[in-house]
Amino acid sequence: MSEECGPIQCKIGSDIIPMTSQKTYAGITFTHNLQSSSSIFDACVKGRTNLNSLLSIGIHPNGLNPVLSFNIIKSVVYSSMLYGCELWNSYTKQAVEELERTQRYACRRCIGLPKTSSTAVTAQCLGSFDMWSEVERRKLLFWNKLCLGGPKFLWKTLFIIRLCQFMYGSSSTTQIGFLPDIYNIMVKFNIESFINDYVLNIFVPPMLCWKRFINRFIYDFYYIRWTDKLNTRDEHKRYAAIHSDPGINPILQLSTKQISQQHVWDLVELFKYSISCENELVICKICEKTSKDIVLHFILECPGLYLSRDKMMDGVVNAIEVLSYVQFSELSIEDQCSFLLGDHSHVYLTGNIKGMVCEMESFL
Ligand SMILES: [Zn+2]
């Protein structure tokens, strides 16, 4: 290396090594300033392209069961999108939001939800929290692998030097890269003591224990955040009652047990009603009465739908025990509506609800 009047030049022998602002190695692009936002945006573009190519195998509304579609997307698309995400750092909020937007795009395409569907429901109804939670999980697993690596490797030596610089160096507050990032993630989950344990006592949890531990921590963190989001907004009041347990929405979960494709998508329509809400009075197109809760009106009140309602109630009576039906009939009308839209759906829902769903759909 030699320094002349101009910028620094690197040489091999007499050959000058050309300057570049980014370099791709093993499929991962590194920039001169370690900014990863552009890599995240590129991953999102790649993800959307791969998603669109899955249309041909039936991943679209009225195609494969949405739960199955989403599992395929996670296996095929997410694995390529998140390749190398362990090394993403110095990213912007916009880049992280773009990742979430891509996940919502995938979920909406599986189920056929409109673009305006609530972000609090779109991914969680398929049992998935923020996509960033998966990035954080992979970063924490990568940290564990680095700590467990043997001392004979060059990368381990570099890792220890960088770690000591970060913990004790004068430039620790300005340092960028993997270590400041993993530290911030650990602070977020309140587990930063593991860094001190490693530096001071060389304590590293075994890989499987660490995996179970962080899975539980990340799950609890995002689950609490999601339920807070649902419970603090009035428009999600009904959905919060229906989808009170973690995992996939009960109606969508029920759809995985259906053989008939028509019946699957009837249940998906029912799910869509559970997330709809109105902020003002709506006039029923059947009986012309006004209602602030048109879904409840269609399911339990509208006189024009009494035949479909009778069929549905016959199905409910046949599917649950007498005592449960008595309990159901004693619920408030709002709770009955929540019950019929998925709350405890594993107990009672049957194919007899199909007729009513189809009829409601043409009027909503
Ligand atoms: Zn009506």
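The values are calculated or read from the model by the stated rules, or taken from the named source; none is laboratory data. None of the values given here were measured: they were computed from a predicted structure. Positions of Cβ are generated from backbone atoms using ideal geometry, with glycine treated the same way; all protein chains shown enter the neighbour counts.
Figures for the structure shown
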| read-out | value |
| --- | --- |
| Residue tally, condition more than 30 Å from residue 58 (Cα to Cα) and not basic (Lys, Arg), over the range 245-294 | 14 |
| Tabulated pairs, the range 22-38, first of a type outside the set (Ser, Thr, Tyr), second outside any strand (DSSP E or B) and at pLDDT below 80, C-beta under 9 angstrom, 6+ apart or interchain | 22/32; 23/32 |
| Subset of the range 311-337 (residues that are of a type in the set (Gly, Ala, Ser) and either at pLDDT below 85 or within 14 Å of the ligand (Cβ to nearest atom) (or both)) | 315, 319, 324, 329 |
| Single match in 237, 229 (criterion: among the charged types (D, E, K, R), in a helix (DSSP H, G or I) and closer than 30 Å to residue 139 by Cβ) | 229 |
| Residue 180 vs. criteria of a type outside the set (Gly, Ala, Ser) and at pLDDT 90 or above | yes |
| Filtered residues of the range 255-275 (kept if of a type outside the set (Phe, Trp, Tyr) and under 20 Å from the mean Cα position of the chain (by Cα)) | 255, 256, 268, 272, 274, 275 |
| Restricting the range 251-310 to residues that are outside any helix (DSSP H, G or I) and in contact with a Cys (Cβ under 9 Å, 6 or more places away or on another chain), the residue that is farthest from the ligand (Cβ to nearest atom) | 293 |
| Qualifying position, being free of Cβ contacts under 8 Å to residues at least 12 places away in the same chain and more than 27 Å from residue 34 (Cβ to Cβ), among 115, 93 | 115 |
| Of residues in the range 230-280 being within 14 Å of residue 125 (Cα to Cα) and of a type in the set (Lys, Arg), the one surrounded by the fewest Cβ atoms within 10 Å (Cβ to Cβ) | 272 |
| Number of the exception - residue 99 against (1) surrounded by 15 or more Cβ atoms within 10 Å (Cβ to Cβ); (2) assigned to a helix (DSSP H, G or I); (3) over 15 Å from the mean Cα position of the chain (by Cα) | (3) |
